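> Quick one: the structure is below, and I'll ask about it shortly.
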Amino acid sequence: METRAPYAVIGFFVLAAIVAVFGFVYWLNNVGGIGERTTYRVRFEHSVAGMLNGAAVLFNGIRVGEVTNLQLGTDDPNEIIATIAVAPATPIRADTQAGIDFQGLTGVAVVSLSGGTGSAPVVSKDGRPPLIKADPMAWQTMTQAARTVMQRLDTVITDNADNLRGTIASLNTFAQALARNSDRIDGIVVGLERMTGGGPAAAPPVSYDLTAPRDFPPATAKKSGTLVVPEPTALLAFDTQKLLIQPSAPDDPSFARAQWSDNVPKLIQSKVIQAFENAGYVESVSRPVDGLESDYQLLLDIRSFRISTSGEASAEVELGAKIMGKDGKIVASRSFRKVVPAQLTDAASAVSAFDKAFGAVVTELVTWAAGAI
């Protein structure tokens, strides 16, 4: 039996192969990169390390061609001529700038074209491909640029070595001065914080009061008339709300926040009047009131009202007293002083000693004044 060859099928495959070849050639010439190209020459004045034949040519970041040839200049050993082939539509002008760029992790060198404002394209004057001059700094890589900067910086440092040495010595002296005065600087900073309202909020003050004595000998007869107790006179040191501790207060923080409920002269005036009322020796006792005529005035002078820390700590209270009649004459005068040992473990203990000394002084004062009227 004779076998017939499938001539129709073979012919179809041959025709398809011919069409595929023509299609590949068409793609290669129009899309694959070997289509119509315009040739230019780019002149570099320094090294083009990393650039090879076939390297890409970019115009404003878009690939438009490739490098077809690299050769050394014949007249200048530093000159390198790169021949590039780019798409005819690439807008290369007489002022187009050429340079070298690096792409990828391996730093492959490519020709970079950019700019161009003139309307006329680059033309050749000697029959060869038009020439584009590259930027003189196009050869400089980042490493080379860094090396140049470091060399210039080294020159500046060398030229100013004496000035730098003096500056460092001055900074060292300043740092040592700051270290020696760190405590003072801390105090200044704390003061500035307080003045500007910054820093942590200060703890609120703790107010203390004195106790007017109540235990007096029974009165034989209540004295008639009115006794007025003006505000006592005092040195400026005693005219305060602070607990006066001399020569210095203990380190316990409670002393820094301790204060009397009123200024010391006003506080003593109030408690002396209250003590006369508790004793019941005088018919009427009060502060000075406009329009009120008094039979007697008890004039007080605060001579001491403090905690002394010299030697054994103690609370000292001393009052000078004068009784003045309606006619302005002094009926009697006397001073009263009491010293009570004080425990300075905290402000409350110190106030307790103050209170005992004050109570003893006022008890004597009231008893004496009632007898002198």
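The values are calculated or read from the model by the stated rules, or taken from the named source; none is laboratory data. Values in this document were obtained by computation on a predicted structure and should not be read as measured data. So basically every Cβ, Gly included, is an ideal-geometry build from the backbone, and we count neighbours across all protein chains shown.
> How many residues, within the stretch 335-355, are over 21 Å from residue 277 (Cβ atoms) and not in a loop (DSSP other than H, G, I, E, B)?
The number of residues fulfilling the criteria is 14.
> Something else now. Please identify the pairs in which a residue from the stretch 11-39 that is basic (Lys, Arg) has its Cβ atom under 8 Å from the Cβ atom of a residue that is at pLDDT 55 or above, counting only partners at least 6 apart or on another chain.
So the pair list comes out as 37/65; 37/85; 37/86; 37/87; 37/88.
> Looking only at the stretch 361-373, count how many residues are buried (at least 16 other Cβ atoms within 10 Å of the Cβ) and either acidic (Asp, Glu) or without any contact (Cβ under 8 Å) to a residue 24 or more places away in the chain (or both).
Of the residues in the stretch 361-373, 1 are buried (at least 16 other Cβ atoms within 10 Å of the Cβ) and either acidic (Asp, Glu) or without any contact (Cβ under 8 Å) to a residue 24 or more places away in the chain (or both).
> What are the residues in the stretch 60-102 that are within 58 Å of the chain's Cα centre (by Cα), exposed (fewer than 14 other Cβ atoms within 10 Å of the Cβ) and among the polar types (S, T, N, Q), if any?
Once the filter is applied, which keeps residues that are within 58 Å of the chain's Cα centre (by Cα), exposed (fewer than 14 other Cβ atoms within 10 Å of the Cβ) and among the polar types (S, T, N, Q), the stretch 60-102 yields 60, 78.
> A further question follows. Being free of Cβ contacts under 8 Å to residues at least 60 places away in the same chain and crowded, with 17+ Cβ neighbours inside 10 Å is the filter; apply it to the stretch 323-351 and report the residue that is farthest from residue 301 (Cα to Cα).
342
> Say whether the condition of being crowded, with 18+ Cβ neighbours inside 10 Å and polar (S, T, N, Q) is met by at least one residue in the stretch 273-291.
no
> Using the structure shown, decide if residue 106 is assigned by TED's automatic domain parsing to the domain that holds residue 118, among the β-branched types (Val, Ile, Thr) and at pLDDT below 75.
yes
> Is it true that some residue in the stretch 260-280 is part of a loop (DSSP other than H, G, I, E, B), at pLDDT below 90 and in contact with a helix residue (DSSP H, G or I) (Cβ under 9 Å, 6 or more places away or on another chain)?
No.
> Quick check on residue 306: is it crowded, with 16+ Cβ neighbours inside 10 Å, at pLDDT 90 or above, basic (Lys, Arg) and outside any loop (DSSP other than H, G, I, E, B)?
For residue 306, the condition - crowded, with 16+ Cβ neighbours inside 10 Å, at pLDDT 90 or above, basic (Lys, Arg) and outside any loop (DSSP other than H, G, I, E, B) - is met.
> Where in the stretch 149-257 are the helices (runs of 4 or more DSSP H), entirely inside, with at least 3 residues that are exposed (fewer than 10 other Cβ atoms within 10 Å of the Cβ) and touching a residue at least 24 places away in the same chain (Cβ under 8 Å)?
none
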